[in-house]
Amino acid sequence: MERVKIFDTTLRDGEQSPGFSMNINEKVRMAKQLEKLGVDIIEAGFPVASQGDFEAVRMISQSLKKSHVAGLARAHDKDIERAWEAIQHAHHPRIHTFISTSDIHLTHQLRKNREEVLQMAAAAVTKAKSYTDDVEFSAMDATRSDPDYLCQVLEAAIEAGATTVNIPDTVGYTIPVEFAELISYIKRTVPNIDRAVISVHCHNDLGLATANSLAAVLNGARQVECTINGIGERAGNTSLEEIAMIFYTRKEYAQIETSITTQEIYSTSKLLTRITGVRVQPNKAIVGSNAFAHESGIHTDGLLKDKNTYEIMTPESVGVTKSNLVMGKHSGRHALKEELKTRGYELSEENLNKIFTRFKELADTKKDLYDEDLETIVAEIVLRAPDRYKLINLNVVTGNFAIPTATIQMEVEGEPKKDVGMGDGPVDAAFKTIAKITGTKSTLLKYSVESITGGTDAQGVVTVRLEENSQQIVGRGAHNDIIMASVLAYINALNRLEYIKQNPIKTRL
Ligand SMILES: [Zn+2]
């Protein structure tokens, strides 16, 4: 068996796509879960892009013990210095530097000739190597580059000390047979290729990201760059759960293994959904809600007789289990602390108190508390960015002959503010009033409610998608009162928009 390294870029490529931005706390939480999942290398961000990105990479570097932490850097000294500053305290720091090698990019984006770009690539790797032994070099837009020139650049990068060379299909253009041939060609042609790991980074524009990555591995690539739920620029990246389960389910054929603890896949996917508010499609492979649902009569009949008739992998193997009852009304603060500890949350007394208060509140109105309830409370309280807007009081009047009216008290940067507004329904009235109080001009693109567990006393999770200045953002709120959940979601989205305004991120790979 040979080992393929899993390089996760959920926090970089995934996070930079519209609607997926995360704050520092959320990124650190996600990184810890990725480490638990067994990811070899976590790309934590692009430190030079913004102060927020820098801080996130720095905090992740200090929080992890096993996984390598990569910081992205263009082939410029300033980027590489900044990346190193952010990752230097990681147990295993990696600098990931890149430059484009396709003629289209050279002419239109970089305005440099081939020789200049080759020199820049080598110089960037040399510079990165002066900080750490673990240097990855990416030839951006590799699949649309002249293969011979690509090989020259890779050779120069390896000569300068790159230990991983990445072949990105930046625009999602290649197809499996062609990509397999490119990887073989690189293996045959680059004279010093045995001194580096070949990596691939595929995009899903034609729905081929996973297939292309698989074809590359079967032809010698030994690192796959991927993301949870396949999130990423445009149509997304290779999805980690798919690539991991391919090698788990077909190891006999592929003779490949990974370090992924497959039983952690489902909870990692759920955590990402909870943080970003973006759900996966029900028919998504491995993590979609229908992925293990066998509805047709013939299938169910077969499954009842023998699981292997229609099931190529079990739900348990990816960690899909029934909802667990966690705690009850009489559970104490200590029990809660212990429960959270086993889930990997090390909390300050202040946060623990907040969670406990909300937990008790919920336990008073709701019979049973499940896994999801607890995780949702934690996401609401601990992972939130420092809020500019806070809800103090909400009072809504509605009914079939009252005009829906909302009276809202808020804090805007610590200043108390209050207003009243009417609308077509209670949620509309509340949203209009909040917009008035905060002076924000965002458009509501999407509004949805789901209940996270069964029963009419379940917590409702409201997701809203807002747009302001062509920036889209998702906000989430959970409460067993739907109007409260809606208001919390709306305010959360406004806070996120504010956070993004201060921490813009710009790059593509
Ligand atoms: Zn990418």
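The values are calculated or read from the model by the stated rules, or taken from the named source; none is laboratory data. The model shown is predicted, which means the values in this text are computed figures rather than measured ones. Neighbour counts run over all protein chains shown; Cβ positions are idealised from the backbone, glycine included. Side chains included, ligands, DNA and RNA excluded: accessible areas come from the protein's heavy atoms. Shrake-Rupley method; radii C 1.70, N 1.55, O 1.52, S 1.80 Å.
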Query raised in the report: Does the range 347-362 include one or more residues that are in contact (Cβ under 8 Å) with a residue 12 or more places away in the chain, in a helix (DSSP H, G or I) and either acidic (D, E) or touching a Gly at 6+ places or on another chain (Cβ under 7 Å) (or both)?
Result: no
Report task. Among the helices (runs of 4 or more DSSP H) lying completely within the range 70-188, list those that include at least 2 residues that are closer than 20 Å to I41 by Cα and in contact with a strand residue (DSSP E or B) (Cβ under 6 Å, 6 or more places away or on another chain). Result -> 77-87, 114-129
Requested in this report: Any residue in the range 97-114 that's at negative phi: show its pairings with residues that are acidic (D, E) at Cβ separation under 6 Å, as long as the two are six or more apart or on different chains.
Outcome: S100/D141; S102/D141; H105/D141
Requested in this report: Report, ordered by the first and then the second residue, all pairs with beta carbons closer than 7 Å, sequence separation of six or more or different chains, a first member in the range 236-258 that is assigned to a helix (DSSP H, G or I), and a second member that is open to solvent by less than 30 Å² (accessible area, probe 1.4 Å) and aromatic (F, W, Y).
Outcome: A254/F247
Query raised in the report: Is there a residue being open to solvent by 40 Å² or more (accessible area, probe 1.4 Å), farther than 28 Å from A31 by Cα and part of a loop (DSSP other than H, G, I, E, B) anywhere in the range 222-230?
Result: no
Query raised in the report: Residues of the range 368-386 being over 12 Å from M327 (Cβ atoms) and either part of a helix (DSSP H, G or I) or open to solvent by 60 Å² or more (accessible area, probe 1.4 Å) (or both), which ones?
Result: E372, E375, T376, V378, A379, E380, I381, P386
**Report entry** A435 being surrounded by 21 or more Cβ atoms within 10 Å (Cβ to Cβ) and of a type in the set (G, A, S)
**Finding:** no
Query - Filter result (touching a strand residue (DSSP E or B) at 6+ places or on another chain (Cβ under 7 Å) and either charged (D, E, K, R) or in contact (Cβ under 8 Å) with a residue 40 or more places away in the chain (or both)) within the range 46-68 - result: F46, P47, D53, A56, I60, H68
Requested in this report: Could you please find all residues in the range 189-218 being over 19 Å from D141 (Cβ atoms), in a loop (DSSP other than H, G, I, E, B) and under 31 Å from the mean Cα position of the chain (by Cα)?
Outcome: A196, G207
Query raised in the report: Any idea which of (1) farther than 23 Å from I265 by Cα; (2) away from the ligand (no atom under 16 Å from the Cβ); (3) of a type in the set (G, A, S) is the one S61 doesn't satisfy?
Result: (1)
Query raised in the report: If we keep just the residues of the range 438-457 that are within 21 Å of T398 (Cβ to Cβ) and modelled with pLDDT under 90, which is most open to solvent (accessible area, probe 1.4 Å)?
Result: T456
**Report entry** Those residues of the range 116-150 which are within 18 Å of T97 (Cα to Cα), surrounded by fewer than 17 Cβ atoms within 10 Å (Cβ to Cβ) and among the acidic types (D, E), in sequence order
**Finding:** E116, D133
**Report entry** Residues of the range 1-27 classified as surrounded by fewer than 20 Cβ atoms within 10 Å (Cβ to Cβ) and either in a helix (DSSP H, G or I) or within 15 Å of the ligand (Cβ to nearest atom) (or both), total
**Finding:** 3
Report task. Please enumerate the residues belonging to the range 459-490 that are open to solvent by 10 Å² or more (accessible area, probe 1.4 Å) and not in a strand (DSSP E or B). Result -> N469, S470, N480, D481, I482, I483, M484, L488, Y490
Report task. Under 6 Å between Cβ atoms, at least 6 apart or on separate chains: pull out the pairs that start in the range 16-36 with a residue that is over 20 Å from G236 (Cα atoms) and end on any residue that is among the charged types (D, E, K, R) and open to solvent by 20 Å² or more (accessible area, probe 1.4 Å). Result -> I24/E55; E35/K66; K36/E264
Query - the range 219-274, residues that are within 14 Å of the chain's Cα centre (by Cα) and away from the ligand (no atom under 16 Å from the Cβ) - result: E241, I265, Y266, S267, T268, S269, K270, L271, L272, T273, R274
